[in-house]
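First the structure, in the form of structure tokens, and then the observations on it.
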Amino acid sequence: MDWVSDNLDLIGTLTLDHLRQSVIAIVAGFLLSLPLGWVAWRYRLLRGWVITVTGLLYTIPSLALLMILPVVAGYPATSETNLVIALTIYAIAIMVRAVTDGLDSVDPAVRRSATAVGYGDGRRFWAVDLPLAGPVILAGLRVTAVSTISLATVGILVGVTNLGYLFTNGLQRRIIPEVLAGIVAVALIALLVDLLLMLAGRALMPWARSKAPAKRKPAAEPTAEAAA
Amino acid sequence: MTGCSSEDPLGENESTGESANGAIVIGSQAYYSNEIVAEIYAQALEGAGQEVERRFSIGQRDAYIPELESGAITLFPEYTGNLLQFFDAETEARSPEDVYAALQGALPEGLTVLEQSTASDQDSYTVTKAFADENGLASIADLANVSETLTLGGPPELAERPYGPTGLEDVYGVQVEFSATGDTTVEDLVAGTVNVANVFTADPRIQTDDLVVLEDPESLFLASNVVPLVSEDIADEVSEVINAVSAALTPEGLVGLNVQSTVDQMSTPDIAKQWLADNGLS
Amino acid sequence: MNLLSEAFKWLTDPEQWTGPNALQHLLLQQLYFTAIAVGIAAVLAVPLGWAIGHTGKGREVAVAFAGAARAVPSFGLLVLLVLLFGVLHKPEAAVVTFVILAIPPLLAGAYAGFEAIDRRTVDAARAVGMTEAQILWRVEVPLGLPLLVGGFRSAVLQVVATVTIAAYVNLGGLGLPIITGLSLRRYEVVLGGAVLVAVLALVLDALLALAQWAAVPHGVLAAQGLAPRRRAENAT
Amino acid sequence: MIEFRNVTKRFPDGTVAVDSFDLVIPSRKTTVFVGSSGCGKTTLLRMINRMVEPTSGTVEIDGEDVAAKKAVALRRSIGYVMQNSGLMPHFTVAENIATVPRLNGGTRRAARARALELMETVGLDATMADRYPSQLSGGQQQRVGVARGLAADPNILLMDEPFGAVDPIVRAELQTELIRLQQELDKTVVFVTHDIDEAFLLGDQVAILAAGAQRLQVGSPSEITENPADEFVAAFIGAERGKRALRVKQTPHGPVLVDAEGRTQGVLVEGGA
Amino acid sequence: MIEFRNVTKRFPDGTVAVDSFDLVIPSRKTTVFVGSSGCGKTTLLRMINRMVEPTSGTVEIDGEDVAAKKAVALRRSIGYVMQNSGLMPHFTVAENIATVPRLNGGTRRAARARALELMETVGLDATMADRYPSQLSGGQQQRVGVARGLAADPNILLMDEPFGAVDPIVRAELQTELIRLQQELDKTVVFVTHDIDEAFLLGDQVAILAAGAQRLQVGSPSEITENPADEFVAAFIGAERGKRALRVKQTPHGPVLVDAEGRTQGVLVEGGA
Ligand SMILES: Nc1ncnc2c1ncn2[C@@H]1O[C@H](COP(=O)(O)OP(=O)(O)OP(=O)(O)O)[C@@H](O)[C@H]1O
Ligand SMILES: Nc1ncnc2c1ncn2[C@@H]1O[C@H](COP(=O)(O)OP(=O)(O)OP(=O)(O)O)[C@@H](O)[C@H]1O
Ligand SMILES: [Mg+2]
Ligand SMILES: [Mg+2]
């Protein structure tokens, strides 16, 4: 582990790069998925299409996407923009489904009740539908965050530097601790972001915590999982 | 280890167009050996009081050449032969001098190369010592006499390169099967999954793993010496410092740098710093 | 569009379908790795997931483990395992990598399938005198199957898309044209390879979607399909 | 006064939930719709606040067609209490109660004050103001639902099986409470249930409905028990069988009333009218 | 005969659901546990077929401690009917009913014949044999549940709020059906409800319970109504207030019985005992 202690600065810089790239993609993916997921949820006819098409994005091999997008869109493959856009696309692939499932999970009785007390459509969406979809959306967001952070490492194969650098460089130099350090760093920041999201969820959705215990409801996870 | 953070090999990976303020932007390939040379350039220039920005570890040549052309990167350690082939795939030049001369003609507007160094890091066909002894191999041509099936290992794109399996057959009459061993080519050669391998000549494992580089009498490969590719705008600014580096960088020296990186696992900034000190350049 | 038509041309060129690296071989390799990895992962994860679902114990541990497994970058793990196992064991390294990739969705599918079952149904099964084994096989497994197949489906999708990186360590598969194309700047080859992977993933996904539908027990399907009709009948 | 005039509701799938329904609902009284599942009670109720639009016919409040009013404003002016309370799980008790005042643009502070006031009215301890609905018992949740229905001080309160999900003891308590509240507040209450006992307990006017919201009988509880319109109504209210056909049995503790099986159903007290 | 001897159940989380409970349940009679939510009724019932193990004390069937029997065999020998029927959604009606005969190793054919026979007993049309539970109405599902409980011809039938989830009309029908069945089959039925009317209608012996399965009063319905043990029981059965304290009111159609609020609760018929 000498290598690690000698290269803490390097690991630190790479971690910051990695976080910056991933977080931008996660946030962008989340924001874009909200309207897409809403459309899919609201318009039954579009639903199959939106879900299938966004789900399809996930089947594109990341390497290919990272090389072909810049050719098609005309920006340099080595730019962070390239990686961030590709990661955003994968984030959307998971999140749209989660947003749709989340809106689905809102008890129709609650929705009706909100209408009955006099919420207009738009106001109801922001005050009732979206917050109540929160727990499922959050579960999807957590899956998205973890897989985005882990996936970002392929950026190094097209020249976008982040923790993935430790893999290619470690392989060329046959330094096992370097590769291992990369994996551990990626996993740690993924789990850290996951934890932060969970805590944020607790803070923002206090009602979801106070549910009567031991209700063994299938958590949102499998649905988000199915999209992954 | 006295590595200090200001000499981080990767620096801030800001987006393009940062050279406007006059800083020299040094790039490197995603290849540790190339990165070391780039770091040496950087430290040497910093030692001469220049402001430097690092944009290291860029994968493909076609990814960074456009950035050099646009001026987003202004200095890049390159290899004469491979660079020439990038611009002129059909080139007939083979010797270091010819290649260097042809390269100067082939470079696009705005780019130039400074003095090439004697250190080279070029493609080669390499076998294990045991295999060479067993089959009496000294040159690539001798492979034609080997009775067992030859399997050539190398990066996947070797299959399509002019010096790849087709070139071997056309130039030397040697028939091989190809295996895309990629980043583990040397290990595969040592382990015996391939018996001929496309290895870079500056790879320290040629010595440590007892490998034999086969001679290339018909010049299948271009000479490929380390050469600084530079934007014409700053060529004059940096030429003195960089040419001194190139002059000091010997073939053995380059292998030594690679050994420090892979065997001693030293960090790139430390290697560069030490080399500059050892060569009286800091 | 130009790129797309060139990719199509490359794909339909008979040359790509002959020789040692013919596309059908690469396709089979891709399928082979996917099948082996998902198969092994299923053998490991499904019984474990069922045990968690049946007993209700260990869920937190499983969730944490699955989360950690998901956080491990496949590419890095592959590199690490190749370095650790040595070049002679690249296939094993790749399989282990993909197995780890496939475990979280399978595990989640297995236990979530059980958890989604109405507890009263399981309780009733116990009350009529089913043994624990009978509860498992006659009630929980059939009723949990749709979500398990769902987990299987996402495992297959993830693995089949990720097996492309096997080419990076000389294991072939459809990643080969992709990484070769990258080095040679032949984007139509990259795109051709990517299209094949996507098509393969789609076909597998469609098949598994069918399987998932078929896995829903008839009574449950009836609940989804026939209930509204009955409601309408009552009304008139 | 609420008036249904020849109201029909056909849902897009063809179900005719309400077929040519006419009824006058007097002001400041409780009217109960009772009938078995699916007979159209909820549909009737929701046509009053435009949650459901009639296919034909009109619903009028004090002579004005509701279709002419803006739906959102109309709903805010009518209290609505439903089974399982229909509370927003992500709002606290006080926020739930104050929903309509807030929607009407009231300040947070005023809305909260109103919520606390209403909590007292419906018998909820003020300490519960910052709990979430899931932290309350079923009965408490229903009280919050009632409080929310009253928050905008509406003239009309619609209640759709508000006590269907709570256990009988709590239910009896809530019923008593509602009777008290009604005496105090004097609203026009339209109440839906499928429990005939509840209907008779709460209703000034009871409408017994069959599928398609067909009126089997409308009248006061006494009118209906004393003179059931037909066999079905008689069966439905249990007048001819079981516990409703009672005879007197003398016991050491006084006279009790027993049903056909001889099971005691009540005690006889003095004071025949 | 089923006997609870000083039975206590403390759940791992510390809840004492049943505290030193003693009761003898006579054979071939219906005993009803009634009490408000959470008072321990279900826990008592489930200790009979070892779905719950007592923390201390014993439950005996015909003098034999159930703890000495094998749980699986014991459960197969006791019918169990629960709220929401507890049917297997992926088994057809016939398969559901025949579950226990099949578990006991009966052939498919014999089991099906038994299922059809039982469907007739509980009043289900044979055409429903191959439907899935989700294709039946709530009332029909409950009948299937009862049929399943009877399939192994058990001496004991445990019923946990079996009619809690169906609407009142169907419920009355099922109650009548159960009374008929019981006269025909003569089982030991232990029935749980929190509806005191249902308890009095069905029970030969009624046990009114409070939290911790505390016995407030045990006796026949008549004994309890005529002589409630204390204020709480009186309130619970409604004997002193509201609808159970009735007086006679003369109407043009004959005498009816009205409660304190003047609402009619039944009609008075001839034949005082
Ligand atoms: N949105 C809808 N689309 C189609 N049919 C509907 C809709 N809403 C209700 N129905 C049908 O209209 C009829 C009346 O429904 P309604 O909900 O008014 O009954 P209800 O008397 O309130 O029953 P319950 O006591 O079960 O609440 C039923 O047959 C129901 O299936
Ligand atoms: N498995 C358990 N673990 C912990 N507490 C339990 C468990 N099962 C029941 N309890 C508690 O034991 C008490 C009695 O529960 P039980 O289910 O017997 O009540 P009940 O009278 O059947 O109520 P209900 O009428 O609501 O069905 C309750 O306080 C309940 O919360
Ligand atoms: Mg209704
Ligand atoms: Mg119970």
Next item on the list: Report, by residue number, each residue of region B:208-246 that is open to solvent by less than 80 Å² (accessible area, probe 1.4 Å) and in a helix (DSSP H, G or I).
Entry: B:ILE234, B:ALA235, B:VAL238, B:SER239, B:VAL241, B:ILE242, B:ASN243, B:ALA244, B:VAL245, B:SER246
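Being among the β-branched types (Val, Ile, Thr) and more than 22 Å from the chain's Cα centre (by Cα) narrows it down to one of A:VAL72, A:VAL99, A:VAL53, so name that one. Please lay out each step first, then the result.
Details: A:VAL99 fails: more than 22 Å from the chain's Cα centre (by Cα); A:VAL53 fails: more than 22 Å from the chain's Cα centre (by Cα).
Residue meeting the stated conditions: A:VAL72.
Given the options D:VAL166, D:VAL192, D:VAL146, name the one that is in contact (Cβ under 8 Å) with a residue 12 or more places away in the chain, closer than 28 Å to D:GLY40 by Cβ, within 12 Å of another protein chain (Cβ to nearest Cβ) and β-branched (Val, Ile, Thr). Explain how you work it out, then say what you get.
On the way: D:VAL192 fails: within 12 Å of another protein chain (Cβ to nearest Cβ); D:VAL146 fails: within 12 Å of another protein chain (Cβ to nearest Cβ).
Only one candidate qualifies: D:VAL166.
This table checks each residue for (1) of a type in the set (Gly, Ala, Ser); (2) within 27 Å of C:GLY173 (Cα to Cα).
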{"site": "A:TYR58", "(1), (2)": "no, yes"}
{"site": "A:LEU87", "(1), (2)": "no, yes"}
{"site": "A:ALA109", "(1), (2)": "yes, no"}
{"site": "A:LEU130", "(1), (2)": "no, no"}
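Restricting attention to region D:113-129, which residues are open to solvent by 30 Å² or more (accessible area, probe 1.4 Å) and farther than 16 Å from D:ASP153 by Cβ? If you could, list the steps in order and put the result at the bottom.
The initial filter retains those residues of region D:113-129 that are open to solvent by 30 Å² or more (accessible area, probe 1.4 Å), namely D:113-114, D:116-117, D:120-121, D:123, D:125-127.
Once the filter is applied, which keeps residues that are open to solvent by 30 Å² or more (accessible area, probe 1.4 Å) and farther than 16 Å from D:ASP153 by Cβ, region D:113-129 yields D:GLY123, D:ASP125, D:ALA126, D:THR127.
Could you grab me the full set of residues in region C:123-146 that are aliphatic (A, V, I, L, M), within 9 Å of chain E (Cβ to nearest Cβ) and farther than 26 Å from E:LEU157 by Cα? Explain how you work it out, then say what you get.
Step one: of region C:123-146, the residues aliphatic (A, V, I, L, M) are C:124-125, C:127-128, C:130, C:133, C:135-136, C:139, C:141, C:143, C:145.
Now drop any that are not within 9 Å of chain E (Cβ to nearest Cβ), which leaves C:124-125, C:127-128, C:130, C:139, C:143.
Listed by number, the list holds a single entry, C:LEU143.
Taking the condition of being within 14 Å of chain A (Cβ to nearest Cβ) and on the phi > 0 side of the Ramachandran plot, how many residues in region D:44-59 meet it?
Residues that pass the stated criteria total 1.
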Next item on the list: Return only the number of the condition from (1) surrounded by fewer than 17 Cβ atoms within 10 Å (Cβ to Cβ); (2) under 15 Å from the mean Cα position of the chain (by Cα) that D:SER85 does not satisfy.
Entry: (1)
Margin query: Test of understanding: among E:PHE33, E:PHE11, E:PHE21, which residue is within 16 Å of ligand 4 (Cβ to nearest atom), open to solvent by 10 Å² or more (accessible area, probe 1.4 Å), away from every other protein chain (no Cβ under 11 Å) and of a type in the set (Phe, Trp, Tyr)?
Written below: E:PHE11
Next item on the list: Kindly indicate which of C:LYS90, C:LYS57, C:LYS9 is at pLDDT 85 or above and in a loop (DSSP other than H, G, I, E, B).
Entry: C:LYS57
Note to self: Quick test of your reading of the structure: E:VAL146 fulfils all but one of (1) buried (at least 19 other Cβ atoms within 10 Å of the Cβ); (2) at pLDDT below 85. Name the failing condition by number.
What the structure shows: (2)
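Give me a count of the residues in region B:155-180 that are more than 21 Å from C:GLY175 (Cβ to Cβ), in a helix (DSSP H, G or I) and of a type in the set (A, V, I, L, M).
First, pick out the residues of region B:155-180 that are more than 21 Å from C:GLY175 (Cβ to Cβ): B:162-163, B:166-176.
Checking which are in a helix (DSSP H, G or I) leaves us with B:166-172.
Now narrow it down to the ones that are of a type in the set (A, V, I, L, M): B:168, B:171.
Total satisfying the criteria: 2.
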Next item on the list: Taking only region D:149-169 into account, find how many residues are more than 16 Å from ligand 3 (Cβ to nearest atom) and either open to solvent by 40 Å² or more (accessible area, probe 1.4 Å) or of a type in the set (D, E, K, R) (or both).
Entry: 6
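Restricting attention to region C:112-135, which residues are in contact with a Phe, Trp or Tyr (Cβ under 7 Å, 6 or more places away or on another chain) and either touching a residue at least 40 places away in the same chain (Cβ under 8 Å) or surrounded by fewer than 19 Cβ atoms within 10 Å (Cβ to Cβ) (or both)?
Residues of region C:112-135 that are in contact with a Phe, Trp or Tyr (Cβ under 7 Å, 6 or more places away or on another chain), as a first pass: C:114, C:127-128.
If the condition is that a residue be in contact with a Phe, Trp or Tyr (Cβ under 7 Å, 6 or more places away or on another chain) and either touching a residue at least 40 places away in the same chain (Cβ under 8 Å) or surrounded by fewer than 19 Cβ atoms within 10 Å (Cβ to Cβ) (or both), then C:PHE114 is the only one that fits.
Go through region E:117-138 and count every residue that is in contact (Cβ under 8 Å) with a residue 24 or more places away in the chain and more than 12 Å from chain C (Cβ to nearest Cβ). Full working, then the answer.
First pass over region E:117-138, keeping only residues in contact (Cβ under 8 Å) with a residue 24 or more places away in the chain: E:118-119, E:121-124, E:128-134, E:136-138.
Filter once more, so that each one left must be more than 12 Å from chain C (Cβ to nearest Cβ): E:118-119, E:121-124, E:128-129.
Result for region E:117-138: 8.
More than 16 Å from ligand 4 (Cβ to nearest atom) and either under 26 Å from E:PHE232 (Cβ atoms) or touching a residue at least 40 places away in the same chain (Cβ under 8 Å) (or both), is that true of E:GLN175? So that I can check it myself, show each step before the final result.
Values: more than 16 Å from ligand 4 (Cβ to nearest atom): yes; either under 26 Å from E:PHE232 (Cβ atoms) or touching a residue at least 40 places away in the same chain (Cβ under 8 Å) (or both): yes.
Yes.
Condition check ((1) open to solvent by 20 Å² or more (accessible area, probe 1.4 Å); (2) assigned to a helix (DSSP H, G or I); (3) among the aromatic types (Phe, Trp, Tyr)) across all residues:
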position: B:PHE56; (1), (2), (3): no, no, yes
position: B:PRO66; (1), (2), (3): yes, yes, no
position: B:PHE86; (1), (2), (3): yes, yes, yes
position: B:GLU90; (1), (2), (3): yes, no, no
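Do the conditions hold for D:ASN49, that is, is it modelled with pLDDT of 90 or more and over 22 Å from D:GLY164 (Cα atoms)? Explain how you work it out, then say what you get.
On the way: modelled with pLDDT of 90 or more: yes; over 22 Å from D:GLY164 (Cα atoms): no.
Judged against the criteria, D:ASN49 is not a match.
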Next item on the list: Specify the residue that is farthest from ligand 2 (Cβ to nearest atom); the eligible residues are those in region E:64-81 that are touching a residue at least 40 places away in the same chain (Cβ under 8 Å) and out of contact with any helix residue (DSSP H, G or I) (no Cβ under 6 Å at 6 or more places or on another chain).
Entry: E:SER77
Item checked: Close pairs from region C:84-105: first open to solvent by 50 Å² or more (accessible area, probe 1.4 Å), partner at pLDDT 90 or above and outside any helix (DSSP H, G or I), Cβ under 9 Å, at least 6 apart -> C:LEU88/B:GLY192; C:LEU88/B:THR193; C:ILE100/C:VAL72
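The values are calculated or read from the model by the stated rules, or taken from the named source; none is laboratory data. The structure presented is a predicted model; accordingly, all values stated were derived computationally and were not measured. Cβ coordinates were reconstructed from backbone atoms using ideal geometry, including for glycine residues, and neighbour counts include every protein chain displayed. We work out accessible area using only protein heavy atoms, side chains counted, and drop any ligands, DNA or RNA first. Shrake-Rupley method; radii C 1.70, N 1.55, O 1.52, S 1.80 Å.
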